[in-house]
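Engineer: The structure's right below; bear with me while I get my questions together.
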Amino acid sequence: MESGEKTAKGRWKLILGPPALKYAAEMKQTLGQNSRPIYNYAMRGVVTCFTGIRKKDELTKLVNLIHSMGGCIKKDLNTKTTHLICNHSGGEKYQYAKTFRLTVVRPAWVFAAWADRNSLEFDATQENFTKTHRLKAFEGQKICFFGFPVEEHQHMVDVLLENGGVCAELDDPECSHVVVDEHTTLTKPEPKNNHTHILKSDWFWYTIQNGYANEMDYLFGDYLDSITNTPNTDRRDSLPISFNKRKRKRFSQRIQLEGTPLGSGKRRSSVSDAGLLSVSNSLFDCTTSPDKLESDKLLHAEPEASDATPAKKSMRFNHFMDFYTTESNYVGILDTILNLFKNKLEELAETNDPLLNKSEIKTIFGNFLPIHEVHQSMLEHLRKLHANWREDCLIGDIIIQHRDELIKAYPPYVNFFEQMKEQLQYCDREYPRFHAFLKINQTKPECGRQGLQDLMIRPVQRLPSISLLLNDILKHTTSGNADHGRLEEALKAIKQVTLHINEDKRRTESRMAIFDIFNDIEGCPAHLVSSNRSFILKCEVNELSDSLSGRGDSLVLYLFSDSIELCKRRSKGFNTAKSPSTAKTHKHLKLISLNTIRLVIDISDSPRAFGLLLRGDKEKLYTFTISDEETDKSVYVKKLCNQIAAHTCRTDADKLLICRTSQELEVDISDVNVSTLSKAFKLAAKTRLKVGRAFSFNKTPNKLKRAVSTMMTSPFGSTNSLTPASQLAQMRLASCTNINEVDDEDCASMRSSSPSTQSEMLVVPPLSVQPTRKNKAVVGRI
């Protein structure tokens, strides 16, 4: 670029490139004065600063290009700086830029902007353009991971590579950082480079979350010194999340694990009471998380004993202490979720750089607060009982008083737990800064080295644990104690809560299933989605009649509480023709109200065939054969009759089911899909019909008529009236390339077909079948 000429006073003449001149004309701006040539205004308003660029030629070129695009350059960072340009992370300027959320980009950002200099609408500060040139968190760093388990080591290496870093070995002289697992490493590693930073793992995750973390705040040597200077030199007792030996001994004497009563011969998991929940797929039927046993010891200390505690402790008091302590631990876990995760994420959501948006936070924590509130109230009542302990105090009243709150709090959380877990896993996978946030909090003492997902499953496990604890208290409560009846009522209340949760979960899943069914059926009536309707059962069938779609067609019967949705399964070719997001696998045929079903007919001479007789001006009979091997016909038809009786308020469900033979109904129960050959014949017949109807012989040239006639008399012509042997012979003839390959048996089979059959092969449109008379006669006999 030419530098221009100076005036007599020593100033540069104003030199503008074509994009800059056009921009000024469109914006109706005065040209003004500028000491440097401007080619365009792609960096108008940009104030940059450089760091770490040592080559003078490269720096000079970058400065000239920025000036040519209307940008400004400062030597030091200040409040007006908008962009920092550097080749690698680290340093004082980089730390300042990350602290004040300035944009940090590579030099390639300037060169890429100059490459697009002739575009009038181009702006170098556009987010989509800048995003590709942002400097990554570990760019220019070579990092070694030391002391981590194999899976965690590989995970950290993958994260490092995604964020621009390079994995190095401990003896690499260019290694800039050594990240140490402080929970397993007892001695300080010795890298070959004396200037290498030896840091705790928190530095790595804080750098991912915030873009920069000061190495001096995470030195592993300082961490070792803090452990060495502690009074107890036992490594296990020196960890931040553990107790000293004396406290641990007293803790084990007084308190056992959550849901494990004192005095029992063996440990018992709190989830073993999942048998209370008889409904299948209940989220209570789950196992504890792997670290549950260890973390429950470490999460929270035991409550202080009261002066009112009797000198000799009764078994009833010991089991009450189990309840009190585990409730205290549980509320502590809920406090951790609230303060360490939910509140911090909501605070960050109000800033310009949130980890998650408000919608994602609501999906994860939206149903959490009611559970936290009700258990805080329960813990306060338990504290009062503990402070004023008497053998006749009413422990069961605490559950009875909070029964309604428990019923309101738990169903929404349990019902949408899977959705919450999926959202949490998605955010953890897709947002690296949120993943780092979870990793940082996981190492904190209050989390007990458990992740957020492990902590969020505790509410699902708590109610069965309470049931176990109350049972143990009841066993050591005499029948004369006023609390005996209260405890029995409390156990019934807990069971009522769990049953309500399961019932609510079943209704929720049923409603969600209706939405899935509606979205999967083309032409499905909109009123199928109703809050008063619930999904009961699905059955895959093949039609035996021609009343709905056609004999042999694959149908699906969706049984709802008040109706049956009949739909046809689409072929695979149809589904692949459309995009996966818009393809619907079924097509609506008929929505039958259960009120209109007069009888359910068990076709006795077939193990899988049944029929539905519908009332109306003209009674209709629909017959099907069950194609799903896992569906038992007798169970299905009884379920269908029971649902019809329940909907119509009848008590005689057994009278809705009758048995008839296929001969009495005049129904062909032969399996329409018994072989691939029959499917091929059926497809060929349907294809012939479509071809025959597609041609209009009134307007078809004679040559085409002869061609069609020849085609219809070919081995692919009509096969409806041929014997199976003749059909098979035609198939073989069609596949032969040499006439000598035809067997004599096939030729004889073809010759044996009757003249009428041979003449029928020349007919294009088959005779239409009128099934209504037959059905009318059959219905009259029923």
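The values are calculated or read from the model by the stated rules, or taken from the named source; none is laboratory data. Keep in mind the model is a prediction, meaning the values are calculated, not measured. Here the Cβ positions follow ideal geometry from the backbone for every residue, glycine too, while neighbour counts run over all protein chains shown.
Table: residues versus (1) modelled with pLDDT under 90; (2) within 15 Å of G451 (Cα to Cα).
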| residue | (1), (2) |
| --- | --- |
| P290 | yes, yes |
| S306 | yes, no |
| T326 | no, no |
| I337 | no, yes |
| N343 | no, no |
| L355 | no, no |
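Engineer: Collect the residues in region 359-368 that are in contact (Cβ under 8 Å) with a residue 12 or more places away in the chain and either not in a loop (DSSP other than H, G, I, E, B) or not assigned by TED's automatic domain parsing to the domain that holds K408 (or both), keeping them in residue-number order.
Structural biologist: Of everything in region 359-368, those that are in contact (Cβ under 8 Å) with a residue 12 or more places away in the chain and either not in a loop (DSSP other than H, G, I, E, B) or not assigned by TED's automatic domain parsing to the domain that holds K408 (or both) turn out to be E360, I361, T363, I364, F365.
Engineer: While we're looking at this one, here's another question. Right, I407: of a type in the set (A, V, I, L, M, F, W, C) and closer than 23 Å to M456 by Cβ or not?
Structural biologist: Against the criterion (of a type in the set (A, V, I, L, M, F, W, C) and closer than 23 Å to M456 by Cβ), I407 qualifies.
Engineer: Could you count how many residues in region 143-184 are polar (S, T, N, Q) and surrounded by 18 or more Cβ atoms within 10 Å (Cβ to Cβ)?
Structural biologist: 2
Engineer: Next up: Quick one: count up the residues across region 211-227 that are surrounded by fewer than 22 Cβ atoms within 10 Å (Cβ to Cβ), touching a Ser or Thr at 6+ places or on another chain (Cβ under 9 Å) and over 24 Å from G448 (Cβ atoms).
Structural biologist: Of the residues in that region, 1 qualify.
Engineer: Go through region 599-618 and give me each residue that's of a type in the set (D, E, K, R) and in contact with a Ser or Thr (Cβ under 7 Å, 6 or more places away or on another chain).
Structural biologist: D605, R608, R615
Engineer: Taking D562, is it more than 25 Å from the chain's Cα centre (by Cα), more than 30 Å from G396 (Cα to Cα), among the charged types (D, E, K, R) and modelled with pLDDT of 85 or more?
Structural biologist: On the way: more than 25 Å from the chain's Cα centre (by Cα): yes; more than 30 Å from G396 (Cα to Cα): yes; among the charged types (D, E, K, R): yes; modelled with pLDDT of 85 or more: yes.
In short, yes.
Engineer: Being over 30 Å from T625 (Cβ atoms) and either small (G, A, S) or under 27 Å from the mean Cα position of the chain (by Cα) (or both), is that true of even one residue in region 516-527?
Structural biologist: For region 516-527, residues over 30 Å from T625 (Cβ atoms) and either small (G, A, S) or under 27 Å from the mean Cα position of the chain (by Cα) (or both): present.
Engineer: Give the number of residues within region 125-154 that are touching a Gly at 6+ places or on another chain (Cβ under 8 Å) and within 19 Å of N87 (Cβ to Cβ).
Structural biologist: Final tally of qualifying residues: 9.
Engineer: Here's a follow-up. In a loop (DSSP other than H, G, I, E, B), outside the structural domain of L160 (by TED's automatic domain parsing), without any contact (Cβ under 8 Å) to a residue 40 or more places away in the chain and within 43 Å of the chain's Cα centre (by Cα): is that true of T81 in this structure?
Structural biologist: Against the criterion (in a loop (DSSP other than H, G, I, E, B), outside the structural domain of L160 (by TED's automatic domain parsing), without any contact (Cβ under 8 Å) to a residue 40 or more places away in the chain and within 43 Å of the chain's Cα centre (by Cα)), T81 qualifies.
Engineer: Please specify each residue of region 113-129 satisfying the condition of being outside any loop (DSSP other than H, G, I, E, B) and surrounded by 14 or more Cβ atoms within 10 Å (Cβ to Cβ).
Structural biologist: Start the filter on region 113-129 by keeping residues that are outside any loop (DSSP other than H, G, I, E, B), which leaves 113-115, 127-129.
Matches in region 113-129: A113, W114, F129.
Engineer: Something else about it: Which one is surrounded by the fewest Cβ atoms within 10 Å (Cβ to Cβ) among residues in region 655-680 that are at pLDDT 55 or above and of a type in the set (A, V, I, L, M, F, W, C)?
Structural biologist: C659
Engineer: Give all pairs with beta carbons closer than 6 Å in which a residue from region 641-664 that is closer than 19 Å to R533 by Cα meets a residue that is modelled with pLDDT under 90 and of a type in the set (G, A, S); count only pairs at least 6 apart in sequence or on separate chains.
Structural biologist: Listed pairs, sorted by first residue: C641/A653; N642/A653; A645/A653.
Engineer: Anything in region 484-498 that is modelled with pLDDT under 90 and either surrounded by 16 or more Cβ atoms within 10 Å (Cβ to Cβ) or touching a Gly at 6+ places or on another chain (Cβ under 8 Å) (or both)? List them, or say none.
Structural biologist: V497, T498 - these are the residues of region 484-498 that are modelled with pLDDT under 90 and either surrounded by 16 or more Cβ atoms within 10 Å (Cβ to Cβ) or touching a Gly at 6+ places or on another chain (Cβ under 8 Å) (or both).
Engineer: Can you tell me how many residues in region 547-569 are part of a strand (DSSP E or B) and not β-branched (V, I, T)? I'd like the intermediate steps shown before the answer.
Structural biologist: Of region 547-569, the ones part of a strand (DSSP E or B) are 554-560, 563-569.
Restricting the remaining residues to those that are not β-branched (V, I, T) gives 554-555, 557-560, 563, 565-569.
Looking only at that region, the number is 12.
Per-residue answers, yes or no, for (1) touching a Phe, Trp or Tyr at 6+ places or on another chain (Cβ under 6 Å); (2) in the same structural domain as N329 (by TED's automatic domain parsing); (3) modelled with pLDDT under 90:
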site	(1), (2), (3)
D428	no, yes, no
K439	yes, yes, no
P445	no, yes, yes
Q450	no, yes, yes
R458	no, yes, no
L468	no, yes, no
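Engineer: So, of the residues in region 396-419 that are under 23 Å from Q376 (Cα atoms), within 17 Å of the chain's Cα centre (by Cα) and not aromatic (F, W, Y), which turns out to be surrounded by the most Cβ atoms within 10 Å (Cβ to Cβ)?
Structural biologist: Taking the candidates together, the pick is V414.
Engineer: Does Y636 satisfy the condition of being touching a residue at least 60 places away in the same chain (Cβ under 8 Å), over 21 Å from S547 (Cα atoms), of a type in the set (F, W, Y) and surrounded by 17 or more Cβ atoms within 10 Å (Cβ to Cβ)?
Structural biologist: Here the answer is yes, as Y636 does meet what is asked.
Engineer: OK, next. I'm trying to understand the selection: among the residues of region 599-611, which are touching a residue at least 40 places away in the same chain (Cβ under 8 Å) and not small (G, A, S)? So that I can check it myself, show each step before the final result.
Structural biologist: To start, the set of residues in region 599-611 that are touching a residue at least 40 places away in the same chain (Cβ under 8 Å) comprises 599-606, 609, 611.
L599, V600, I601, D602, I603, D605 - these are the residues of region 599-611 that are touching a residue at least 40 places away in the same chain (Cβ under 8 Å) and not small (G, A, S).
Engineer: Scan region 526-560 for residues that are of a type in the set (K, R) and either surrounded by 16 or more Cβ atoms within 10 Å (Cβ to Cβ) or in contact with a His (Cβ under 6 Å, 6 or more places away or on another chain) (or both) and jot them down.
Structural biologist: R533, R551
Engineer: Among the residues of region 130-157, what is the count of those that are in a loop (DSSP other than H, G, I, E, B) and among the basic types (K, R)?
Structural biologist: Within region 130-157, the subset in a loop (DSSP other than H, G, I, E, B) is 132-133, 135-141, 147-149.
Filter once more, so that each one left must be among the basic types (K, R): 136.
Qualifying residue count, region 130-157: 1.
Engineer: Now, a different point. Name the single residue, out of those in region 26-51 being under 50 Å from the mean Cα position of the chain (by Cα) and polar (S, T, N, Q), that is modelled with the highest pLDDT.
Structural biologist: Selected residue: T48.
Engineer: From the list W109, W203, exactly one residue is in the same structural domain as R44 (by TED's automatic domain parsing), surrounded by 14 or more Cβ atoms within 10 Å (Cβ to Cβ) and either not in a helix (DSSP H, G or I) or not small (G, A, S) (or both). Which is it?
Structural biologist: W109
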